[in-house]
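Data block below; observations after.
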Amino acid sequence: MTVNISFDGPIFWKRQVAYIYCCSCHFDEHEGPLMAILEKFEQRVERVCLVDKPVDYPFLPDSLFSYMANKMPKLQFIYCRELDLEKINRGTVVELANHPNLKKVIVHLCRNYEVLEDFRNLPQLLVVKGEIMGLKAMLGDFEEEIAKSTASSSAQSSEKSSHSPVPVNNGY
């Protein structure tokens with residue numbers, strides 16, 4: 001598990017972001033330290049990103065989502081990527097929906113998120129099934145693709161500039 005707590009955005013922002021990269025194979029070992037970190041910052045955290053790559057089995061307990069809904073008063077944004085969300089129950093979805101400041105719950109390339117869609121209890125929900133190009137570049141998965149794209153487009157532009165596409169007639 002890697003936890004990075006940082007201040008993203010312009011210098012004048014006082015916002016804190018917790019990036020939590022979870023190792024699903026032995027999450028039970030990390031749960032205690034993770035909760036200790038969250039408890040330390042719970043009154044200030046506004047954004048939580050939970051990422052597991054590749055999507056594995058349901059290892060995040062419902063209690064983690066319930067904790068975010070009930071103990072993080074400034075929480076505005078939850079981003080879940082490649083998680084199996086099978087363990088979230090309907091009661092927790094209602095708690096998230098009733099959070100006074102929660103603006104968005106983004107579920108990106110996740111499995112078993114249907115409980116979040118049940119009965120339209122969570123109006124803040126945004127389900128993303130494809131790639132988010134800007135986010136992919138920011139997370140570092142996309143740098144190689146950008147390099148390939150830049151190389152091929154510069155090769156194409158040098159081919160086009162070597163001769164004029166319009167014939168030039170110097171006479172009348």
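The values are calculated or read from the model by the stated rules, or taken from the named source; none is laboratory data. Remember, it's a predicted structure, so these values are computed and weren't measured experimentally. Every residue, glycine among them, receives a Cβ derived from its backbone with ideal geometry; neighbour counts consider all protein chains shown.
Check Val93, Val107, Val48 and return the single one that is of a type in the set (A, V, I, L, M, F, W, C) and in contact with a Cys (Cβ under 6 Å, 6 or more places away or on another chain).
So the residue among Val93, Val107, Val48 that is of a type in the set (A, V, I, L, M, F, W, C) and in contact with a Cys (Cβ under 6 Å, 6 or more places away or on another chain) is Val107.
Taking the stated definitions as given, is Gly130 modelled with pLDDT under 90 and farther than 23 Å from Gln43 by Cβ?
For Gly130, the condition - modelled with pLDDT under 90 and farther than 23 Å from Gln43 by Cβ - is met.
Keeping to segment 99-116, report how many residues are surrounded by fewer than 17 Cβ atoms within 10 Å (Cβ to Cβ), out of contact with any Lys or Arg (no Cβ under 9 Å at 6 or more places or on another chain) and touching a residue at least 12 places away in the same chain (Cβ under 8 Å).
4
Can Glu95 be described as without any contact (Cβ under 8 Å) to a residue 40 or more places away in the chain, in contact with an Asp or Glu (Cβ under 9 Å, 6 or more places away or on another chain) and surrounded by 15 or more Cβ atoms within 10 Å (Cβ to Cβ)?
In short, no.
Can Glu145 be described as modelled with pLDDT of 80 or more and part of a helix (DSSP H, G or I)?
Spelling it out, it is not the case that Glu145 is modelled with pLDDT of 80 or more and part of a helix (DSSP H, G or I).
For segment 1-18, which residues satisfy the criterion of being more than 17 Å from Leu102 (Cα to Cα) and either in contact with a strand residue (DSSP E or B) (Cβ under 9 Å, 6 or more places away or on another chain) or modelled with pLDDT of 80 or more (or both)?
From segment 1-18, those more than 17 Å from Leu102 (Cα to Cα) are 1-14; that's our starting set.
Answer for segment 1-18, where residues must be more than 17 Å from Leu102 (Cα to Cα) and either in contact with a strand residue (DSSP E or B) (Cβ under 9 Å, 6 or more places away or on another chain) or modelled with pLDDT of 80 or more (or both): Met1, Thr2, Val3, Asn4, Ile5, Ser6, Phe7, Asp8, Gly9.
Conditions: (1) modelled with pLDDT under 80; (2) surrounded by 12 or more Cβ atoms within 10 Å (Cβ to Cβ); (3) more than 18 Å from the chain's Cα centre (by Cα). Ala137 meets all but one. Number of the miss?
(3)
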